[in-house]
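This report refers to the structure that appears directly beneath it.
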Amino acid sequence: MTRARTIRRFLLPIMVLTAAACGGDADDGGDGEQDGGQRVGIERLAFQSDDLAVDVGATVTWTNEDPGAHTVTSGTVEQTPIGTTEVDADGAFASGEIERDATFSFTFDEPGTYSYFCEIHPATMRGEIQVR
């Protein structure tokens with residue numbers, strides 16, 4: 001483990017606790033787990049924990065651990081027979097670009113199945129949240 005990664009592992013919990021103590025909002029690094037939420041890591045061009053089940057009212061927080069930007073966009077992705085990728089963003093949530101070490105959080109207030117993908121890498125980065 002590199003020195004920078006070790007330092008980050010120790011500082012991140014401190015930053016999260018500081019943000020929570022200051023009443024930070026969902027997008028400032030709060031962990032979303034106080035309300036039964038979940039964390040999803042974005043690492044090695046994949047959503048880690050890409051299939052989650054949460055209760056209504058839970059907040060899911062995605063954290064980009066890759067060097068490049070990603071997005072978390074609700075909707076579906078289809079591979080066509082000729083090998084192209086077609087995306088259909090449904091507008092339920094969209095993070096915009098999430099740079100390295102940044103987070104995006106969304107609170108699921110309605111039950112249902114929410115598919116999502118990375119707009120930059122839709123052919124390989126997809127996930128699903130089951131809200132009960």
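FYI, it's all coordinate maths here, none of it is from the lab. All figures in this text were calculated on a predicted structure; none of them were measured in a lab. Neighbour counts run over all protein chains shown; Cβ positions are idealised from the backbone, glycine included.
Between rounded, prolate and oblate, where does region 41-88 land on the alpha carbon gyration tensor, with a ≥ b ≥ c its root eigenvalues, rounded for a/c under 1.5, else prolate if a/b exceeds b/c?
It is oblate, given that a/c is not under 1.5 and a/b is not larger than b/c.
When the Cα centres of region 93-113 and region 50-77 are compared, how far apart do they sit, in Å?
What the calculation gives is 5 Å, centre to centre.
How would region 76-132 be classified by its alpha-carbon gyration tensor: rounded, prolate or oblate, with rounded meaning a/c under 1.5 and the a/b versus b/c comparison settling the rest?
It is oblate, given that a/c is not under 1.5 and a/b is not larger than b/c.
List the extent of the Cα atoms of region 32-131 along each of their three principal axes, largest first, rounded to whole Å.
Projected onto the principal axes, the Cα atoms of region 32-131 cover 44, 30, 20 Å.
Would you kindly derive the ³J(HN,Hα) couplings of region 112-128 from the backbone phi angles with the Karplus curve 6.51 cos²θ - 1.76 cosθ + 1.60 (θ = phi - 60°), listing them in order in whole Hz, with x for Gly and Pro?
Residue by residue, region 112-128 yields x, 10, 10, 8, 8, 7, 9, 5, 7, 10, x, 5, 10, 10, 9, x, 8 Hz.
Where Lys and Arg each count +1 and Asp and Glu each count -1, what net charge lies around T73 among other residues with Cβ under 12 Å from its Cβ?
Once all neighbours under 12 Å are counted, the net charge is -3.
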